[in-house]
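The values are calculated or read from the model by the stated rules, or taken from the named source; none is laboratory data. Just so it is clear, the model here is predicted, and its values are computed rather than measured. Every residue, glycine as well, gets a Cβ built from its backbone with ideal geometry; the counts of neighbours run over all protein chains shown. What goes into the accessible areas is simple: the full protein's heavy atoms, side chains included, and nothing from ligands, DNA or RNA. Shrake-Rupley method; radii C 1.70, N 1.55, O 1.52, S 1.80 Å.
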Amino acid sequence: MNTKPSKTSPSTTRREFIKTGSAAVAAASTFSGAAFASTPQSAALQSSLFAGGTDTLRVGLVGCGGRGTGAAAQALAADPNAKLVAMGDTFYDHLESSYKNLKKNTVAEQVQVDADHKFIGFDAYQKVIDSVDVVLLTTPPHFRPMQLRAAIEAGKHVFAEKPVAVDAPGVRSILETCKLAKEKNLSIVSGLCWRYHQGMQETFKQIHDGSVGDVMAIQCSYNTRGLWMFKREPEWSDMEWQMRNWLYFTWLSGDFNTEQHVHSLDKMAWTMKDEAPISCSGTGGRQTRISKDYGHTFDHFAVVYEYANGVKGFSRCRQQDGCAVDVSDHVFGTKGRVDVFKHRIYDTKGEKTWEHRPKSKNMYQVEHDEFFKSIRSGNALNNGDYMTKSTMLAIMGRMAAYTGKSITWEMAMNSTENLSPASYEWGPLPVAPVAMPGITAFK
């Protein structure tokens, strides 16, 4: 089979698909090839369909990169009667690599994907959705709103990787979809995996129970080295080059403070019981990743969030080689401070007063264990509230850094900026200019 994408483009664009407010629901419904009507009867059927754990759950993977391959393995490990029966990706080489790796995994016998259920192209997600009961969405974040909507419209349970959108119209669409999932009693489990980590759960329980007093400030850092990049091949179109290097294009990734740093911002949100901040301001730029190979995204951000009660959240992230790595989170209260990653609490004198020592289970596996447990029990999980708020925190911070403006939560949520390309086809696609604070406009 040809490893290059076809020249065929889909008939509907995300720009047509994502609209603001209630219009998002109507527009999104056009992507459902197997609509599942939201009625009391259908909800009851969905909630009991797989009860007892003996029926086969047909699983489909949309997005066959490394994270998708891992998610598929964890999904199958979570339920012995789950079978991977369909896979979809924009690129054939990605799909085949994922398939071969899964066939070497301990869950290999549960991988039962025949040639007719290996789908390639921009419309592959819909073909996967139409073939399965459970969908794993692990494509670049840009595609999450349309794909999640299509899956929920079709009555499927969904695991959705983080973040769930790259712009405010996408976030608003996700919110509407999560409401629909609740009506249908369908599970949506988020890839914000720290929420499923036992040590983190115990640590945040301590914070919320007042062990450090009133929270005064939060510091979160995600400073890492550079990540992968694929040099452009002569035969690649603009679209293929950007899709294969999706990290470096804001329309696909949301920039790395959204794609990666969302984990840290999710812990900030968790500290504040998922209360939205009132505003933020920030800075950022690109100092080391300045060649065209790296698209137009930044390589560092620093954003300060302010909450209604005066708490400030200090956020920073960096992807620069040769620099110190710091991935950590700290909460400062009137009675002490928390080293979140070490699950330790210290009083105002620096004495350790609490520590979570038991080894936590693999959080990536736990989230799938809980996901499949919810499907089997008929008690749907819906992580929609926090996964959308944490994604919006990240997008809001990017807006502040890109524009140099102070951005309120209301401004961010009501933003009309839609980062979608005009269409999905293998051809020319101009690269947006690098954002310039004070020049780049808020939309």
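Scan segment 131-142 and tell me whether some residue there is within 17 Å of Gly65 (Cα to Cα), modelled with pLDDT of 95 or more and open to solvent by 40 Å² or more (accessible area, probe 1.4 Å). There is no residue in segment 131-142 that is within 17 Å of Gly65 (Cα to Cα), modelled with pLDDT of 95 or more and open to solvent by 40 Å² or more (accessible area, probe 1.4 Å). Pairing each residue of segment 105-120 that is over 18 Å from Ala71 (Cβ atoms) with any residue that is charged (D, E, K, R) and modelled with pLDDT of 95 or more, provided the two are 6+ apart or on different chains, yields C-beta distances under 7 Å for Ile120/Asp89.
Condition check ((1) within 23 Å of Ala160 (Cα to Cα); (2) assigned to a strand (DSSP E or B); (3) touching a residue at least 60 places away in the same chain (Cβ under 8 Å)) across all residues:
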{"site": "Val303", "(1), (2), (3)": "no, yes, yes"}
{"site": "Asn309", "(1), (2), (3)": "no, no, no"}
{"site": "Gly313", "(1), (2), (3)": "no, yes, yes"}
{"site": "Arg318", "(1), (2), (3)": "no, yes, yes"}
{"site": "Ser328", "(1), (2), (3)": "no, yes, yes"}
{"site": "Tyr346", "(1), (2), (3)": "no, yes, no"}
{"site": "Lys361", "(1), (2), (3)": "yes, no, yes"}
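Take segment 376-405 and flag every residue that is basic (Lys, Arg), within 30 Å of Val59 (Cβ to Cβ) and either under 13 Å from the mean Cα position of the chain (by Cα) or in a loop (DSSP other than H, G, I, E, B) (or both). Lys389, the sole residue that qualifies.
The residue of segment 346-402 that is surrounded by the most Cβ atoms within 10 Å (Cβ to Cβ), among those that are modelled with pLDDT under 95 and not charged (D, E, K, R), is Ser360. Those strands (runs of 3 or more DSSP E) of segment 150-241 in which 1 or more residues are in contact with a His (Cβ under 7 Å, 6 or more places away or on another chain) and open to solvent by 20 Å² or more (accessible area, probe 1.4 Å) occupy 215-224. Run down Gln320, Gln287 and say which single residue is crowded, with 16+ Cβ neighbours inside 10 Å, at pLDDT 95 or above and under 30 Å from Met239 (Cα atoms). Result: Gln320 is the single residue among Gln320, Gln287 that is crowded, with 16+ Cβ neighbours inside 10 Å, at pLDDT 95 or above and under 30 Å from Met239 (Cα atoms). For segment 411-429, the condition holds for at least one residue, the condition being that it is within 16 Å of Glu275 (Cα to Cα) and open to solvent by less than 10 Å² (accessible area, probe 1.4 Å).
Only one entry in Ser97, Ser187 is in contact with a Leu (Cβ under 7 Å, 6 or more places away or on another chain), hydroxyl-bearing (Ser, Thr, Tyr) and touching a residue at least 12 places away in the same chain (Cβ under 8 Å), namely Ser187.
From the list Lys373, Lys361, Lys389, Lys405, the one residue that fits, being charged (D, E, K, R) and over 30 Å from Ser187 (Cα atoms), is Lys405.
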